[in-house]
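Below is one structure, written out as structure tokens, with a few remarks after it.
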Amino acid sequence: MSISKSFPILLLLSLGLGLSGRLTHVQAQTLPLADNLTSLLSPEGQALLQGSDAQADYVPLSSHFSTQQNPAFCGVASMVMVLNALNIPAPIASEWNRAYFTQENLLNEETATIIPRERIARMGLTLAELAGILEQYPVNAEIFHGEDVSLEQFRELVATNLAESNNFVLVNYLRRAIAQERGGHISPIAAYDADTDQFLILDVSRYKYPPVWVSASELWNATNTIDSVSGKTRGFLLISPTANL
């Protein structure tokens, strides 16, 4: 899907802008960005999305854009976005009595065999744990560690996914490596702009940072960093529904 005339409305609905198109308090609450990052809320960021050639994931992800419940739930919020975007059969959400994935009902007895909720709330998730939880549902989650792929392979794998519908990318990266605050983080990637060689991250810590464009090389370097829990490099997941869904 290419975003053209419908883009302003989609952006307003998904990112919390006022009907005038002016930025609301959402921007004022977030931390400042370094010069290497471009906010999607800026005119430059919006132009990048409108001109990007791999953006099939943006609309389905932004339709289910979630804010992580606590500082360790970035992976949980990211999985909720992807599973809802894939229209995976969901448990009933008690808040609305409707089938919809939330950060409460995603985790259950089956996912606890991978890692219990209490540990996630303390430690967050490794790439393998993220994939393990996702595969308790009818999806495939292919793991790529940063040290195992070159920049060229990273760019090709992720950009190809973003140009196709019904599959998604979750990236696990070190924030400091792209000039953001603190440590490891997980969020979906939503688009790729080939002209500037940048990826769009839909950051699930929406209270902290807006969605940002970051260069492919910087994001790849940020995945090629050691996760202190697993002892392995961070990386990314390519996620698709199982064939029998």
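Results, tabulated for the structure shown:
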read-out	value
Residue identified as touching a Pro at 6+ places or on another chain (Cβ under 6 Å), modelled with pLDDT of 95 or more and surrounded by 16 or more Cβ atoms within 10 Å (Cβ to Cβ) among Leu106, Leu170	Leu170
Boolean, Leu237 is assigned to a strand (DSSP E or B), out of contact with any Cys (no Cβ under 8 Å at 6 or more places or on another chain) and buried (at least 17 other Cβ atoms within 10 Å of the Cβ)	yes
Verdict on Glu164 being among the acidic types (Asp, Glu), touching a residue at least 12 places away in the same chain (Cβ under 8 Å) and within 24 Å of Tyr58 (Cα to Cα)	yes
Every residue from region 83-118 that is under 21 Å from Asp203 (Cα atoms) and touching an Asp or Glu at 6+ places or on another chain (Cβ under 9 Å)	Ala85, Thr102, Glu104
Extreme residue, nearest to Met123 (Cα to Cα), among residues of region 194-245 that are in contact with a Ser or Thr (Cβ under 9 Å, 6 or more places away or on another chain) and among the charged types (D, E, K, R)	Asp227
Qualifying residue in region 192-204 (condition: of a type in the set (Asp, Glu) and without any contact (Cβ under 8 Å) to a residue 40 or more places away in the chain)	yes
Some residue of region 49-59 being touching a helix residue (DSSP H, G or I) at 6+ places or on another chain (Cβ under 9 Å), more than 25 Å from Val158 (Cα to Cα) and surrounded by fewer than 19 Cβ atoms within 10 Å (Cβ to Cβ)	no
Qualifying positions in region 123-166 - charged (D, E, K, R) and under 23 Å from Glu218 (Cα atoms)	Glu142, Glu147, Asp148, Glu152, Arg155, Glu156
Selection from region 161-195 of residues that are of a type in the set (A, V, I, L, M, F, W, C), in a loop (DSSP other than H, G, I, E, B) and farther than 21 Å from Gln50 by Cβ	Ala179
Hits in region 41-91 - residues which are touching a strand residue (DSSP E or B) at 6+ places or on another chain (Cβ under 8 Å), in a loop (DSSP other than H, G, I, E, B) and within 24 Å of Gly184 (Cα to Cα)	Asp57
Test: Ala99 is without any contact (Cβ under 8 Å) to a residue 60 or more places away in the chain and either in contact with a strand residue (DSSP E or B) (Cβ under 9 Å, 6 or more places away or on another chain) or basic (Lys, Arg) (or both)	yes
Looking only at region 200-230, and only at residues there that are under 21 Å from Val82 (Cβ atoms) and acidic (Asp, Glu), the one that is surrounded by the fewest Cβ atoms within 10 Å (Cβ to Cβ)	Asp227
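So that you can scan it fast, the table gives a plain yes or no per residue for (1) part of a loop (DSSP other than H, G, I, E, B); (2) surrounded by fewer than 18 Cβ atoms within 10 Å (Cβ to Cβ); (3) among the hydroxyl-bearing types (Ser, Thr, Tyr):
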| residue | (1), (2), (3) |
| --- | --- |
| Glu110 | no, yes, no |
| Ile115 | yes, no, no |
| Leu130 | no, no, no |
| Ile133 | no, no, no |
| Gln136 | yes, yes, no |
| Glu142 | no, yes, no |
| Glu147 | no, yes, no |
| Phe154 | no, no, no |
| Ala159 | no, no, no |
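The values are calculated or read from the model by the stated rules, or taken from the named source; none is laboratory data. Just so it is clear, the structure is predicted and the values come from calculations on it, not from any experiment. Heads up, the Cβs are rebuilt from the backbone with ideal geometry, glycines too, and the neighbour counts pull from every protein chain shown.
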